[in-house]
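The values are calculated or read from the model by the stated rules, or taken from the named source; none is laboratory data. Just so it is clear, the model here is predicted, and its values are computed rather than measured. Neighbour counts run over all protein chains shown; Cβ positions are idealised from the backbone, glycine included. We work out accessible area using only protein heavy atoms, side chains counted, and drop any ligands, DNA or RNA first. Shrake-Rupley method; radii C 1.70, N 1.55, O 1.52, S 1.80 Å.
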Amino acid sequence: MSTAGAGLEGVVATTSSICFINGEAGVLSYQGFNIHTLAENATFEEVVYLLWHGKLPNESELKSLKSELTSERELPAEVIGFLKSVPKATPMDVLRTAVSMLGLFDPIAADGSDEANRTKAVKLVAKLPAIVSNFDRLRNGKDIIAADPNLSHAANFLYTLNGKRPDDVMEKVFDVALILHADHELNASTFAARVTAATLSDIYSAATSAIGALKGPLHGGANEAVVRMLLASKSPEEAVQKAKSDLANKVKVPGFGHRVYRVLDPRAVHLKKLSEELGKRTGHGELFEKSARVEKAVKELKNLNANVDFYSASTYYSLGIPVDIFTPVFAVSRIAGWTAHILEQYRNNRLIRPRADYTGAPDGQTWIPLEARR
Ligand SMILES: CC(C)(COP(=O)(O)OP(=O)(O)OC[C@H]1O[C@@H](n2cnc3c(N)ncnc32)[C@H](O)[C@@H]1OP(=O)(O)O)[C@@H](O)C(=O)NCCC(=O)NCCS
């Protein structure tokens with residue numbers, strides 16, 4: 001048996017046809033479609049179909065996916081009751097618990113057939129945005145806003161969150177942000193989802209595992225940390241000084257570095273553009289200015305590139321999304337990739353069960369009675 005390096009770096013753990021990354025060249029594609037092509041041309045609904053089916057939907061396939069998604073946007077009453085009961089809880093904890101509850105109240109939760117799993121994947125993609133927006137409104141003492149079936153996935157989320165239908169630009173920006181976050185090969189949360197699915201546990205359990213993994217600051221939690229860092233500085237100069245002192249003290253600057261990319265994360269290119277455009281439009285230009293200055297300084301000092309979380313932070317802020325739901329919003333998008341990977345795992349399953357290189361005491365230790373132990 002050979003031992004993998006720390007953090008399984010460089011280990012190829014499965015085959016998958018969903019997502020391709022070349023970290024040296026900065027290439028990312030979903031089912032063979034380059035992320036730049038998708039960001040410029042696709043809608044999030046088309047990307048969901050592409051991730052699940054390996055091909056772009058034709059008109060009737062897209063229409064039927066959209067109608068399935070819009071018909072599944074409502075939450076079970078029990079889940080709404082739960083959201084009302086925890087106004088002070090951390091949004092990621094609420095999301096993780098509510099997704100687990102969806103399984104509890106879905107009569108087909110335990111049905112492991114392809115058809116049932118596909119139906120449950122639709123439910124998950126449709127209902128995650130409702131969990132996040134309904135929770136945010138309820139904790140602020142506001143009424144829940146009913147989904148509008150005429151709105152796209154992206155527009156409906158912003159509408160049910162802010163109570164205002166977004167204009168075309170805001171809708172487009174959020175739609176592109178959803179596309180850019182939709183999948184990323186065997187990132188920690190997707191791997192967690194696949195490990196759970198590989199035991200032939202149900203799709204809700206696998207999605208719950210993924211949300212738990214996404215929550216951490218080394219993964220999806222970074223976007224929130226980025227905006228808190230930017231908001232804590234009064235000026236771009238102060239933001240740069242803070243980043244420099246973090247680097248000098250060997251403290252990690254959120255939104256930089258990546259396990260796979262050695263060049264600029266291709267998603268950051270789009271998010272930077274969106275952040276700049278939206279910042280100007282919404283009066284948050286200084287946040288973009290701070291971001292751009294910090295990016296330059298960190299690159300010069302430590303040769304570290306911005307990752308997907310760095311510019312998604314200022315983009316989400318300019319969209320009026322509350323800071324503590326940035327990571328749940330990441331999940332609203334990544335559920336597309338998680339479900340694609342879970343479905344792929346079920347289709348060609350083998351239990352995922354690696355080994356550990358044992359470093360403990362040798363076998364055969366002498367048993368000491370409790371009263372004799374020191
Ligand atoms: C993403 C991340 C977890 C990858 O981790 P990893 O592949 O295990 O890389 P390491 O943490 O071992 O970092 C390698 C080196 O780069 C440095 N580094 C990596 N990310 C850094 C960051 N954000 N700020 C400062 N230094 C960083 C490490 O200190 C280390 O330097 P050293 O070799 O001098 O000790 C890591 O870059 C990180 O913690 N980034 C900040 C959190 C973040 O933005 N996460 C979202 C990822 S999409």
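The rows are residues; the columns are (1) outside the structural domain of K296 (by TED's automatic domain parsing); (2) farther than 14 Å from S312 by Cβ; (3) in contact with a Pro (Cβ under 7 Å, 6 or more places away or on another chain); (4) touching a residue at least 40 places away in the same chain (Cβ under 8 Å).
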position	(1), (2), (3), (4)
A177	yes, no, no, yes
H181	yes, no, no, yes
L186	yes, yes, no, yes
S189	yes, yes, no, yes
R194	yes, yes, no, yes
V226	no, no, yes, yes
S235	no, yes, no, yes
A243	no, yes, no, yes
Region 15-32: number of residues that are open to solvent by less than 70 Å² (accessible area, probe 1.4 Å), part of a loop (DSSP other than H, G, I, E, B) and either acidic (D, E) or touching a helix residue (DSSP H, G or I) at 6+ places or on another chain (Cβ under 7 Å) (or both): 4
Restricting to region 169-199, what's the tally of residues that are out of contact with any Phe, Trp or Tyr (no Cβ under 8 Å at 6 or more places or on another chain) and more than 16 Å from the ligand (Cβ to nearest atom)? 11
Would you pick out the residues in region 211-263 that are within 14 Å of the ligand (Cβ to nearest atom), under 16 Å from the mean Cα position of the chain (by Cα) and of a type in the set (G, A, S)? A213, G216, G220, G221, A222, A225, G255
When region 226-249 is examined, which residues are found to be more than 16 Å from H284 (Cα to Cα) and of a type in the set (A, V, I, L, M, F, W, C)? V240, A243, L247, A248
Return the total of residues in region 171-197 being in a helix (DSSP H, G or I) and open to solvent by 40 Å² or more (accessible area, probe 1.4 Å). 5
Hits in region 45-64 - residues which are within 21 Å of the chain's Cα centre (by Cα) and surrounded by 16 or more Cβ atoms within 10 Å (Cβ to Cβ): E45, E46, V47, V48, Y49, L50, L51, W52
